[in-house]
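Working notes, beginning with the structure itself.
Computed from the coordinates by the stated procedures, all read-outs in this text should not be read as laboratory data. As the structure is a prediction and not an experimental result, all values here were calculated from the model. Note that we place each Cβ from the backbone using ideal geometry, even for glycine, and neighbour counts take in every protein chain shown.
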Amino acid sequence: AASVGWAPTWNEFGIYSTQNSMVPRKSRAGGLACAFVQRRAICSSSTLDEAVRALTVPGWSEGASMNVVDVRGKRMANVELWEDESSVLEVTEDVMNYTHFNQYKHLTTRKGRAVDSPAAFASDPRQARADGLPPPRTAEDVKAILSDAKIYRPEATITTMVLNGSARRLLGLCAPP
């Protein structure tokens, strides 16, 4: 059991998730609430594929970027969602260095437009900084990236979590190590 919504969430089957806050250009009144879709998806899923299927239902009121990890299956995916659209990127060893900073990266509208406003992120150096760092290989490497002075934002970061799937440990960071 854990908090559901924007908090790190996990279940007894080794499915973990986090949500990055997103700022879509518009939202739909009367759609599905993010927290409830996430709760149903994560609490009832025993594999990554089940969690992704449950998250990618159409009808969301807003949007989200979900990081979903299947510890037992040794798989991870980033799932971007907005209203009736979704995009899934499985994060494999070939991807090497995948980071996500509150901006849609692989989901577009049906017309191919950005879901959010790219101008809103023009002065945000975090993605470029993370992309320029070597790919992490250990939990310590991940912590170093997340605590980098150009990435960590103490005025805006609610929580930073590092999941070490092979060790089955979830570490919460309060400030840069």
ask   = Can you pull out the GluC sites (Glu not before Pro) in segment 84-113 that DSSP calls coil and that have at most 12 other Cβ atoms within 10 Å?
value = Glu93
key: Cross-link partners of Lys143 among lysines (Cα-Cα below 23 Å; sequence separation of 8 or more within a chain)   = Lys74, Lys105
inquiry  = Suppose every Lys and Arg Cβ carries +1 and every Asp and Glu Cβ carries -1, with no other charges. What dipole size does segment 37-124 come out with about its Cα centre, to the nearest 20 debye?
reply    = 160 debye
key: Rounded, prolate or oblate (a/c below 1.5 giving rounded, otherwise prolate when a/b exceeds b/c) for segment 95-172 by Cα gyration tensor   = prolate
note = Taking the chain and counting helices only, DSSP H stretches of n ≥ 4 at -39,500 (n - 2.57) each over all residues, the nearest-500 ellipticity at 222 nm comes to -5500 deg cm²/dmol
ask   = With r defined as the distance between the Cβ atoms of Arg137 and Asn102 and R0 fixed at 35 Å, what FRET efficiency is calculated, to the nearest 0.05?
value = 0.90
message = Placing unit charges on C-beta atoms (Lys and Arg positive, Asp and Glu negative, everything else neutral), compute the dipole magnitude of segment 97-161 about its Cα centre in debye, rounded to 20.
response = 320 debye
ask   = Under a Cβ-Cβ cut-off of 9 Å, what is the net charge of the residues other than Pro58 that fall near it, where Lys and Arg count +1 and Asp and Glu count -1?
value = -3
task = Using a Gaussian network model of the chain whose springs link C-alpha atoms within less than 10 Å, name the residue from Ser45, Ser61, Ser166 with the highest mean-square fluctuation.
result = Ser166
query = Could you give the dipole magnitude of segment 66-111 about its Cα centre, charging the beta-carbon of Lys and Arg +1 and that of Asp and Glu -1, in debye to the nearest 20?
reply = 60 debye
note = Projecting the Cα atoms of Ala35, Ala77, Ser17 onto the charge dipole of the chain, where Lys and Arg contribute +1 and Asp and Glu -1 at Cβ, the residue farthest towards the positive end is Ala35
ask   = For Met161, what charge total do you get from the other residues with a beta carbon under 13 Å from its beta carbon, if Lys and Arg give +1 and Asp and Glu give -1?
value = +2
request  = Would you kindly compute the Cα radius of gyration of segment 27-83 and its largest Cα-Cα separation (Dmax), both in Å?
outcome  = 11.3, 37
key: Cα point-scatterer Debye curve for the chain, base-10 log of I(q)/I(0) at q = 0.09, 0.18, 0.20 Å⁻¹   = -0.30, -1.31, -1.59
request  = Taking only the C-alpha atoms, wrap a convex hull around segment 1-106 and report its volume per residue in Å³ as a whole number.
outcome  = 87 Å³
Per-pair calculated FRET efficiency, R0 = 35 Å: Glu155 and Val95 via Cβ, rounded to 0.05 = 0.75
